[in-house]
Every structure is written in structure tokens, then in C-alpha cells.
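Colleague: Here it is, the structure in full.
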Amino acid sequence: MTVIRLLAGAIAASIAFAGAVAATAQTAPPTRLRGSIAAIDDKTATIATREGSSVKVKLADNWSVALVSPLSAADIKQGSFVGVASMKEADGSQNALEVLVFPEAARGSGEGHYPWDLQPESMMTNATVATLGTASDGQTLKLDYKGGTQTIKVRPGTPIVTFTPGTKADAKVGAKVFVGAVKAADGSLTASRLLVGKNGLTPPM
């Protein structure tokens with residue numbers, strides 16, 4: 001149970017989903033970094049970002065690691081709490097870019113529907129799966145959250161992941177990462193946790 005609680009804390013702090021952050025006006029949005037670890041020691045990680053830049057991130061004294069681990073479509077259940085990045089189609093429907101199935105201990109993290117930066121004009125919906133439907137090219141998820149609902153199509157091949165406990169040894173050079181860092185007034189970045197793709201997986205969120 002202690003491990004699960006620690007992991008839930010890692011999820012909430014590392015992802016820092018935009019909706020949860022926006023709810024607190026005094027808190028600046030996180031700087032989200034996607035890429036791989038170019039260098040790391042116990043105090044600093046250098047991230048080679050997907051945009052081609054190299055960014056240094058200070059590591060908090062108690063920094064930790066959570067693994068982004070693959071799941072299958074069968075792991076999405078009615079009642080699951082999920083985070084779905086999506087894009088709107090020309091016909092107004094929404095297509096999932098990825099699905100994150102939260103561990104039960106992290107239910108409610110960043111609940112809502114808000115802009116996301118995975119791709120231009122993408123959205124994030126953190127919500128409970130109310131119903132699952134079958135489509136000719138995948139499945140549809142009806143997602144309920146406080147204040148609204150969204151229906152999103154999940155096509156075959158869409159990345160589906162969850163979070164599992166990791167160790168600092170997993171945060172090695174070459175590992176694929178997603179980092180939610182806090183920017184200080186001097187422009188420096190600090191992270192308390194790194195989300196590392198398990199066995200070379202690229203975190204899709």
C-alpha cells in the first residue's frame with residue numbers, strides 16, 4: 001500500500017496535468033519535456049528533447065522515478081480513470097492519440113477536459129470511462145468528468161499505458177522520458193520525478 005501511495009504522488013507531481021494546475025492561479029504551468037536522457041547524475045538531468053534542443057533540469061533532493069508501462073485495449077474497463085490525449089477530426093469527432101490508465105490510487109488526478117501540447121490543438125481528458133463501445137475501426141470511450149462528458153474513438157495501434165513503480169537506476173542515459181518541470185524566476189527548471197518509458201518505450205502523453 002505504501003508503494004501505491006508513493007506512486008500516486010509521483011503521478012500527480014510528475015504529470016502536473018494542465019487542468020489541475022490551471023485551477024490554482026498562483027501556480028505557474030509546468031514546463032513539459034519529451035525526449036530522452038542525454039546525461040544524468042543525482043543532481044541534474046540533461047534532456048535531449050523531441051524538438052532537438054538540450055535542456056538541463058535540476059533534480060530535487062528526493063527525486064524519484066515512475067515507469068510508463070504498456071497495456072492493451074482490454075485493460076481499459078468501464079469505471080477506469082483515464083487520461084486521453086485527443087485530436088478533433090474534420091467531422092467534429094475526437095480521435096485518441098494515447099490512453100493512460102491511471103492506477104486506482106491516482107483516481108481523480110487532473111480531472112477535466114483542457115488543451116494539451118502533445119500535438120498542436122490536441123486536448124487532454126482525464127475522466128472516468130462511463131461506457132465502452134465497439135466501432136468498425138476500434139472502440140469508443142464515453143468519458144465522464146466533473147462538468148462534462150466526451151466521446152473519444154480509440155483506433156487500433158493507439159498507445160495505451162499505465163504507471164508502475166520505478167527506481168533511479170531506470171533513469172539512465174538513452175531512456176525515453178516525460179518530465180513536468182517547474183520553472184524558477186531565473187529560468188532554471190527543477191523536477192521532483194521523472195517518468196521513464198519501460199524497456200525503451202516512448203512515453204506517449
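Colleague: In segment 53-85, which residue that is among the hydroxyl-bearing types (S, T, Y) and more than 13 Å from the chain's Cα centre (by Cα) is surrounded by the fewest Cβ atoms within 10 Å (Cβ to Cβ)?
Modeller: Filtering segment 53-85 for residues among the hydroxyl-bearing types (S, T, Y) gives 53-54, 64, 69, 72, 80.
From what's left, more than 13 Å from the chain's Cα centre (by Cα): 53-54, 64, 72, 80.
Values: S53: 10, S54: 11, S64: 20, S72: 7, S80: 19.
Per the criteria, the residue is S72.
Colleague: Check segment 32-53 and report whether any residue there is at pLDDT below 95 and in contact with a His (Cβ under 8 Å, 6 or more places away or on another chain).
Modeller: no
One line per residue, one yes/no per condition, for (1) under 20 Å from I76 (Cα atoms); (2) touching a residue at least 12 places away in the same chain (Cβ under 8 Å); (3) in contact with a strand residue (DSSP E or B) (Cβ under 6 Å, 6 or more places away or on another chain); (4) not charged (D, E, K, R):
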{"residue": "V101", "(1), (2), (3), (4)": "yes, yes, yes, yes"}
{"residue": "A105", "(1), (2), (3), (4)": "yes, yes, no, yes"}
{"residue": "G112", "(1), (2), (3), (4)": "yes, yes, yes, yes"}
{"residue": "L118", "(1), (2), (3), (4)": "no, yes, yes, yes"}
{"residue": "P156", "(1), (2), (3), (4)": "yes, yes, yes, yes"}
{"residue": "F163", "(1), (2), (3), (4)": "yes, yes, yes, yes"}
{"residue": "V182", "(1), (2), (3), (4)": "no, yes, yes, yes"}
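Colleague: Let me ask something else about it. Output the number of the condition that D186 fails; it satisfies all remaining conditions of (1) crowded, with 16+ Cβ neighbours inside 10 Å; (2) free of Cβ contacts under 8 Å to residues at least 24 places away in the same chain.
Modeller: The failed condition is (1).
Okay, residues lined up against (1) part of a loop (DSSP other than H, G, I, E, B); (2) in contact with a helix residue (DSSP H, G or I) (Cβ under 8 Å, 6 or more places away or on another chain); (3) closer than 30 Å to K168 by Cβ:
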site	(1), (2), (3)
E51	yes, no, yes
A60	no, no, yes
S64	no, yes, yes
S69	no, yes, yes
N95	no, no, no
L100	no, no, yes
L118	yes, no, yes
N126	no, yes, yes
A130	no, no, no
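Colleague: Do we find a residue being part of a strand (DSSP E or B), out of contact with any Ser or Thr (no Cβ under 6 Å at 6 or more places or on another chain), closer than 19 Å to R32 by Cβ and not hydrophobic (A, V, I, L, M, F, W, C) anywhere in segment 187-196?
Modeller: yes
Colleague: Does at least one position in segment 128-143 carry a residue that is of a type in the set (S, T, Y), exposed (fewer than 14 other Cβ atoms within 10 Å of the Cβ) and in contact with a strand residue (DSSP E or B) (Cβ under 9 Å, 6 or more places away or on another chain)? Give the derivation first.
Modeller: We begin by selecting, within segment 128-143, every residue of a type in the set (S, T, Y); these are 128, 131, 134, 136, 140.
Okay, now just the ones that are also exposed (fewer than 14 other Cβ atoms within 10 Å of the Cβ), so 131, 134, 136.
Then keep just the ones that are in contact with a strand residue (DSSP E or B) (Cβ under 9 Å, 6 or more places away or on another chain); that gives 131, 134.
Checking segment 128-143: at least one residue is of a type in the set (S, T, Y), exposed (fewer than 14 other Cβ atoms within 10 Å of the Cβ) and in contact with a strand residue (DSSP E or B) (Cβ under 9 Å, 6 or more places away or on another chain).
Colleague: Right, something else. Within segment 138-150, can one find any residue that is among the small types (G, A, S), closer than 27 Å to A38 by Cα, out of contact with any Phe, Trp or Tyr (no Cβ under 6 Å at 6 or more places or on another chain) and free of Cβ contacts under 8 Å to residues at least 60 places away in the same chain?
Modeller: Checked against the condition, which is being among the small types (G, A, S), closer than 27 Å to A38 by Cα, out of contact with any Phe, Trp or Tyr (no Cβ under 6 Å at 6 or more places or on another chain) and free of Cβ contacts under 8 Å to residues at least 60 places away in the same chain, segment 138-150 yields no hits at all.
Colleague: Within segment 192-201, identify whether any single residue is in contact (Cβ under 8 Å) with a residue 24 or more places away in the chain, farther than 27 Å from M87 by Cβ and not aromatic (F, W, Y), and answer yes or no. It would help to see each step written out before you state the result.
Modeller: Taking segment 192-201 first, the residues in contact (Cβ under 8 Å) with a residue 24 or more places away in the chain are 192-198, 200-201.
Applying the additional criterion that residues be farther than 27 Å from M87 by Cβ yields 192-193.
So of that shortlist, the ones also not aromatic (F, W, Y) come out as 192-193.
The answer is yes, given that some residue of segment 192-201 is in contact (Cβ under 8 Å) with a residue 24 or more places away in the chain, farther than 27 Å from M87 by Cβ and not aromatic (F, W, Y).
The values are calculated or read from the model by the stated rules, or taken from the named source; none is laboratory data. As the structure is a prediction and not an experimental result, all values here were calculated from the model. With ideal geometry, Cβ positions are generated from the backbone for all residues, glycine too; neighbour counts draw on all protein chains shown.
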